[in-house]
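The values are calculated or read from the model by the stated rules, or taken from the named source; none is laboratory data. These numbers were taken from a predicted model, which means no experiment stands behind them. Note that we place each Cβ from the backbone using ideal geometry, even for glycine, and neighbour counts take in every protein chain shown.
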Amino acid sequence: MGAWAESLELRVPVLNAPMGGVAGGRLAAAVTAAGGLGMIGMGSTATRDGLVRALGDLDGCQRFGVGLVDWVVRQEAGLLDAALDALPVLLSVSFGAELDWVERAQERGILTAVQVPDVDGARRAEDAGVDVIVARGLEGGGHGAPEAPLAELLAPVVAAVERPVLAAGGIATAADVRAALAAGADGVWVGTTFAAAAEALTPAGAKQAMLGAGCDDTVTTRAYDRAFGWPWPERYPARVLRNTFTAAWVDADGADVVGGALDPAFTLDAAGLARLHRAVADDDPSIAPVDAGTGVGSIVDVVPAATIIARLTAGL
Ligand SMILES: Cc1cc2nc3c(=O)[nH]c(=O)nc-3n(C[C@H](O)[C@H](O)[C@H](O)COP(=O)(O)O)c2cc1C
């Protein structure tokens with residue numbers, strides 16, 4: 001195993017990606033117990049109190065990370081402070097240009113990470129003193145800049161920076177992990193595959209939809225962000241499972257859409273928005289968003305995080 005993972009006393013170079021509404025304290029604790037580093041994720045609807053609750057679900061686990069989203073941190077009073085006060089091993093604030101939080105974390109001995117979609121982003125992060133760079137390929141689930149597949153992004157990022165680099169996006173099998181490490185990654189940052197873990201907060205209907213989905217059943221869209229009124233920067237659409245909601249808003253030919261068919265002034269009428277909220281409340285994945293990357297096609301069962309880690313690291 002590589003020096004970076006060893007320096008963190010990990011037994012396997014695997015982190016679960018911070019995933020809002022999915023990666024709570026239970027999943028993070030399970031990943032850490034299995035030898036990786038578990039991350040709590042706080043996404044578009046994060047609040048300070050929500051983070052405090054998730055931290056309470058760590059059940060005594062002391063080694064964990066926290067991942068936040070830049071625009072949410074700037075909007076939600078006390079969220080960043082609560083993350084800093086929790087003294088995670090690793091803090092990420094992703095999807096923003098300002099890295100003013102990095103120094104505040106490091107002053108407390110917290111390692112910092114950001115997800116980047118290109119070499120420029122990696123260099124900027126390194127220049128700002130970020131400790132760990134996460135090279136995130138366009139295969140990844142949830143939000144991210146869909147700029148290059150991981151196979152094209154990873155080696156150039158590794159070559160461009162001296163900091164440790166984690167690979168993210170579409171990593172779902174032991175072969176994917178081996179390929180990432182062979183390309184120079186110090187570890188892997190895995191989202192979608194853990195979103196279906198037994199300990200994940202993902203609702204049951206969404207997990208079932210993930211089990212039934214193939215690798216071509218995702219689409220990159222801004223439709224949900226616009227519908228919910230979330231101010232995600234244009235650069236960061238989300239990869240989700242295709243469903244009847246996304247079908248109504250993406251290109252007719254089914255190609256991944258990054259803006260294209262979406263009217264910038266897109267809004268839902270009141271009835272449509274009510275239907276969407278009801279689908280979320282009812283865990284109806286035919287309308288509600290299910291964040292998932294292309295690796296969803298490799299998920300065949302709902303198993304504990306420890307089993308996922310054993311599978312991902314088989315033969316390492
Ligand atoms: C269900 C889900 C929720 C996510 N939520 C967040 C989040 O709250 N904050 C964040 O930084 N990244 C989030 N992401 C993105 C991940 O950090 C990461 O980029 C992605 O999961 C990696 O690709 P993969 O899903 O193919 O493993 C989310 C991803 C998924 C699948």
Q: Quick one: which residue in 60, 50 is under 30 Å from residue 229 (Cα atoms), surrounded by fewer than 22 Cβ atoms within 10 Å (Cβ to Cβ) and not charged (D, E, K, R)?
A: 50
(Q) Suppose we keep only residues that are under 25 Å from residue 3 (Cβ atoms) and out of contact with any Pro (no Cβ under 7 Å at 6 or more places or on another chain) within segment 134-149. Which one would you say is nearest to the ligand (Cβ to nearest atom)? (A) 134
Q. Of the residues 60, 65, 35, 50, which is more than 10 Å from the ligand (Cβ to nearest atom) and under 13 Å from the mean Cα position of the chain (by Cα)?
A. 65
**Q.** Test: residue 28 is under 24 Å from residue 295 (Cβ atoms) and either surrounded by fewer than 21 Cβ atoms within 10 Å (Cβ to Cβ) or within 14 Å of the ligand (Cβ to nearest atom) (or both)
**A.** yes
Q | Residues within segment 163-198 that are crowded, with 24+ Cβ neighbours inside 10 Å and of a type outside the set (Gly, Ala, Ser), tallied | A | 10
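Which ones in segment 77-104 are acidic (Asp, Glu) and farther than 25 Å from residue 59 by Cβ? Quick ask: steps written out before the conclusion?
So the first thing to find is which residues in segment 77-104 are acidic (Asp, Glu), and the list is 81, 85, 98, 100, 103.
Passing the criteria: 98, 100, 103.
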**Q.** Test: residue 117 is within 15 Å of the ligand (Cβ to nearest atom), within 20 Å of residue 172 (Cα to Cα), at pLDDT below 95 and not assigned by TED's automatic domain parsing to the domain that holds residue 238
**A.** no
Q. Do the conditions hold for residue 145, that is, is it under 17 Å from the mean Cα position of the chain (by Cα), over 23 Å from residue 299 (Cβ atoms) and of a type in the set (A, V, I, L, M)?
A. yes
Q: Would you confirm whether any residue within segment 201-216 is outside any helix (DSSP H, G or I) and small (Gly, Ala, Ser)?
A: yes
Q. What helices (runs of 4 or more DSSP H) completely inside segment 49-125 contain at least 2 residues that are in contact with a Lys or Arg (Cβ under 8 Å, 6 or more places away or on another chain) and among the aliphatic types (A, V, I, L, M)?
A. 79-85
Q) So, in segment 224-244, of the ones that are more than 16 Å from the ligand (Cβ to nearest atom) and touching a Phe, Trp or Tyr at 6+ places or on another chain (Cβ under 9 Å), which residue ends up modelled with the lowest pLDDT? A) 226
